[in-house]
Every structure is written in structure tokens, then in C-alpha cells.
Amino acid sequence: MSADQLRILILHNTYLHKGGEDTVVANEVACLKKNGYTVFYKEFSNESFQKRGFASFLFPVSIIFNWYSFFEVLFFLRKHKITVLHAHNIFYKATPAIFWAAKWQGAKTILTIHNYRLFCLNATFFRNNQLCFDCLNQPHFKSGLKNKCFKKAIGLP
């Protein structure tokens, strides 16, 4: 497939504070456009997870599969005839749901991993200032939940 046939969606889920991932994404979009690719950019934000309310009760489920993200990406892919979805960060809002949307639309997918969030609840493989691989070596995150490694075990900020 040549550059003029590819229609690329760069999808990024931003954290509350800007960081290196945001710079990498911006540079990639600029580089692809400069080289003649048709590039779209879609951003999800974790800002809404700071708010308390009814939606905060749905948080544990919505970080696994977010139906809103699924349909939003599905319709975006369909509308713009996207052939490649490149996700840079899918945590909290985008979720793996975006890959199901891409599959339904027949788009190829790429995931760039910038941290260890998929394998460690605090994304660093550290707990109490020591290396910890409990969640990596188990088929679940029970240790991370028990030790409150992620936002005080889903209690948030």
C-alpha cells in the first residue's frame, strides 16, 4: 500500500499532565504528514476521572471496555475510511474497545507502549521503593490491588 492509499488515525489518551508521550505523538503526526500520508488525530482525555459522581462508580468497568470510546472510534473509522489505527496510550478512556472497533472496520492496528501500565498497576514495576514484578508474574492484578498500587486501589486521587 502506498502513502496515498493509507489513511492513518493516530489515537492518544492524554494523562492529566503533559509528558513525553504527548511529544512523541505530535512528532509522529508531523512526520507522517510531512511525508505525504493522510493522517487524522483523535484524543481522549483522563480529565473526567477527577470528577466524583455517579460515573465514578462505573470507573472500574469502563477502564476495561469503554462503550463510548468503542462507538466514537467505530464511527470515526467508518466516516474517514481509516486503514491504520495507531494507538499510543489507551488508558483510561480509550481502552481496548478501540481495537474491537478497528477490527469491525477492517483497519490494521498498532499499539505503541510508552510505560508498563498494561503489566503493572502503577506502570513502573516499583512498590515501596523496590522492584516489584508480582502483577507481571501472575495472570491477574490481585497483588497490585491488595497493595493499593493504582490510585489507592481505585479510590482515585
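The values are calculated or read from the model by the stated rules, or taken from the named source; none is laboratory data. Quantities reported herein were computed from a predicted structural model and do not represent experimental measurements. Positions of Cβ are backbone-derived with ideal geometry, glycine not excepted, and every protein chain shown enters the neighbour counts.
Checking ILE98, ILE110, ILE82 one by one, the residue that is touching a strand residue (DSSP E or B) at 6+ places or on another chain (Cβ under 9 Å), closer than 22 Å to THR38 by Cα and part of a loop (DSSP other than H, G, I, E, B) is ILE82 and no other. When LYS93 is tested against (1) charged (D, E, K, R); (2) in a helix (DSSP H, G or I); (3) touching a residue at least 12 places away in the same chain (Cβ under 8 Å), only condition (2) is not met. What's the total number of residues in region 23-40 that are buried (at least 17 other Cβ atoms within 10 Å of the Cβ) and in a helix (DSSP H, G or I)? Here the count works out to 4. Can you tell me which residues in region 66-79 are among the hydroxyl-bearing types (Ser, Thr, Tyr) and within 23 Å of LEU32 (Cβ to Cβ)? Correct list: SER69 only. Taken over region 18-53, residues that are over 17 Å from ILE82 (Cβ atoms) and at pLDDT 80 or above amount to 14.
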